[in-house]
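Participant: Sharing a structure, written as structure tokens. Questions coming.
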Amino acid sequence: MKTNFKFLAIIAFLGLFLNSCSSDDDTIDPNADKNPERFENIEIGNTSFEVPQYNVDLHTEFDYTGENKVTKIYYDINPINVSDPNDGEAKWIVSSHLVNEDYYAGQLNPHIHYHIYFDPENEIFPEVRPAEGTYSLKITVVEEDNSESIITKQFEIVKKFSEMEIGTNNEVKIGSDALDVKFKYDAGSNTVSEVKYELWFEEWREGQDVAIGEWDNTIIILPTNLYENQSIPNINFPLEINPDSPLGNYWLNIYVKESGENEAVKLSIPFSIVE
């Protein structure tokens, strides 16, 4: 489920975001971790820790097992081995970002599913994205007795999706039965074995598996002739949508499975149904 998140101290955050380091950190100190066994089922982008640059945010998810109720969770992001930024890119730095307490307040063993926008000032239409390469995410959990648990993981910002077109500037007219979707995917030395669309929307109909107002989804697996055994397929395949869908904001997830890989690369793109 996708939820738009607001951030504290946006101006300060962006100042850090746009800072390009003169040199990246070479290593992560494993001795800096504390109680790493308390963190399980970690996802950064996905369980393979791959994050498409064409995303608008960084998806994170984990389960935490504590001894006391959680009072604070902080994220720190730093470049490790990152290419020189091109126009519209930066070496991404986040310092002591406080995760909204609604995700964990009063909980002993919270499940955290949290997203950080690449460009919080522009959110779903970022003007600045992280440069390609390896970054570290340090998660710090503070409990009621002021004890801390810390884990640090590396993740990759990858340039696999390009030439993306979603509707008309990420919009489609109300009453439409399809959303135009076009993109190029670069699997490198692999080939593509599956492409899947997942539409997320707030349910508006009675009698569905979820209540009205809750998030629901539909999944479509694309025909194999569009991509199978290709390293750099050009995909041009519309997403079917219900013409009765109401005005509002929606999310399209695109999953691309490569040969020899256990997990698909996941791209999340927002779009809107408009008048």
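The values are calculated or read from the model by the stated rules, or taken from the named source; none is laboratory data. Note that the coordinates shown come from a computational prediction; the quantities given were computed from them, not determined experimentally. Note that we place each Cβ from the backbone using ideal geometry, even for glycine, and neighbour counts take in every protein chain shown. Accessible surface is based on the protein model in full, side chains and every heavy atom, while ligands, DNA and RNA are left aside. Shrake-Rupley method; radii C 1.70, N 1.55, O 1.52, S 1.80 Å.
Participant: Residues being touching a helix residue (DSSP H, G or I) at 6+ places or on another chain (Cβ under 9 Å), within 24 Å of T140 (Cα to Cα) and surrounded by 18 or more Cβ atoms within 10 Å (Cβ to Cβ): count how many of those fall in the range 101-128.
Facilitator: 6
Participant: Moving on. For the range 244-275, which residues satisfy the criterion of being more than 29 Å from N190 (Cα to Cα), open to solvent by 60 Å² or more (accessible area, probe 1.4 Å) and not in a strand (DSSP E or B)?
Facilitator: D244, L247, E275
Participant: Residues G213, G207, G175: which one is in a loop (DSSP other than H, G, I, E, B), on the phi > 0 side of the Ramachandran plot and either among the basic types (K, R) or touching a residue at least 12 places away in the same chain (Cβ under 8 Å) (or both)?
Facilitator: Values: G213 fails: either among the basic types (K, R) or touching a residue at least 12 places away in the same chain (Cβ under 8 Å) (or both); G207 fails: either among the basic types (K, R) or touching a residue at least 12 places away in the same chain (Cβ under 8 Å) (or both).
None of the other options fit; the residue is G175.
Participant: Further question on the same structure: Answer yes if at least one residue in the range 152-169 is open to solvent by less than 50 Å² (accessible area, probe 1.4 Å), closer than 27 Å to V82 by Cβ and in contact with a helix residue (DSSP H, G or I) (Cβ under 9 Å, 6 or more places away or on another chain), and no otherwise.
Facilitator: Yes: the range 152-169 contains one or more residues that are open to solvent by less than 50 Å² (accessible area, probe 1.4 Å), closer than 27 Å to V82 by Cβ and in contact with a helix residue (DSSP H, G or I) (Cβ under 9 Å, 6 or more places away or on another chain).
Participant: Please pick out the residue among N86, N81 that is open to solvent by 10 Å² or more (accessible area, probe 1.4 Å), touching a residue at least 24 places away in the same chain (Cβ under 8 Å), over 22 Å from K34 (Cα atoms) and not in a loop (DSSP other than H, G, I, E, B).
Facilitator: N81
Participant: For the range 230-275, which residues satisfy the criterion of being in contact with a helix residue (DSSP H, G or I) (Cβ under 8 Å, 6 or more places away or on another chain) and closer than 13 Å to K196 by Cβ?
Facilitator: I235, F237 - these are the residues of the range 230-275 that are in contact with a helix residue (DSSP H, G or I) (Cβ under 8 Å, 6 or more places away or on another chain) and closer than 13 Å to K196 by Cβ.
Participant: Kindly indicate which of P270, P246 is under 21 Å from E50 (Cα atoms) and either in contact with a Phe, Trp or Tyr (Cβ under 8 Å, 6 or more places away or on another chain) or hydroxyl-bearing (S, T, Y) (or both). Show your work before the answer.
Facilitator: Values: P246 fails: under 21 Å from E50 (Cα atoms).
The conditions single out P270.
Participant: So which residues in the range 170-202 are touching a Gly at 6+ places or on another chain (Cβ under 7 Å) and either farther than 24 Å from E61 by Cα or open to solvent by less than 80 Å² (accessible area, probe 1.4 Å) (or both)?
Facilitator: Initial filter on the range 170-202 (touching a Gly at 6+ places or on another chain (Cβ under 7 Å)): 179-180, 190, 202.
Within the range 170-202, L179, D180, N190 qualify.
Participant: Which one is nearest to P85 (Cα to Cα), of the residues in the range 132-151 that are among the polar types (S, T, N, Q) and assigned to a strand (DSSP E or B)?
Facilitator: Taking the range 132-151 first, the residues among the polar types (S, T, N, Q) are 134, 136, 140, 146-147, 149.
Those still in the list that are assigned to a strand (DSSP E or B) too: 134, 136, 140, 149.
Values: T134: 13, S136: 17, T140: 28, S149: 33 Å.
Residue satisfying both the conditions and the ranking: T134.
Participant: Here's a follow-up. For the range 89-100, which residues satisfy the criterion of being assigned to a loop (DSSP other than H, G, I, E, B), surrounded by 19 or more Cβ atoms within 10 Å (Cβ to Cβ) and in contact (Cβ under 8 Å) with a residue 60 or more places away in the chain? First the steps, then the outcome.
Facilitator: Just the residues of the range 89-100 that are assigned to a loop (DSSP other than H, G, I, E, B), to begin with: 91-93, 99-100.
Checking which are surrounded by 19 or more Cβ atoms within 10 Å (Cβ to Cβ) leaves us with 91-93, 99.
Once the filter is applied, which keeps residues that are assigned to a loop (DSSP other than H, G, I, E, B), surrounded by 19 or more Cβ atoms within 10 Å (Cβ to Cβ) and in contact (Cβ under 8 Å) with a residue 60 or more places away in the chain, the range 89-100 yields K91, W92, I93.
Participant: So which of W200, W204, W215 ends up being more than 24 Å from the chain's Cα centre (by Cα) and aromatic (F, W, Y)?
Facilitator: Working: W200 fails: more than 24 Å from the chain's Cα centre (by Cα); W215 fails: more than 24 Å from the chain's Cα centre (by Cα).
Criteria check complete, one pass: W204.
Participant: Turning to a different aspect of this structure: Applying the selection to the range 216-243, what residues are open to solvent by 50 Å² or more (accessible area, probe 1.4 Å) and outside any loop (DSSP other than H, G, I, E, B)?
Facilitator: Those that are open to solvent by 50 Å² or more (accessible area, probe 1.4 Å) and outside any loop (DSSP other than H, G, I, E, B): N217, T218, I219, I221, T224, N225, E228, N234, N236, E240.
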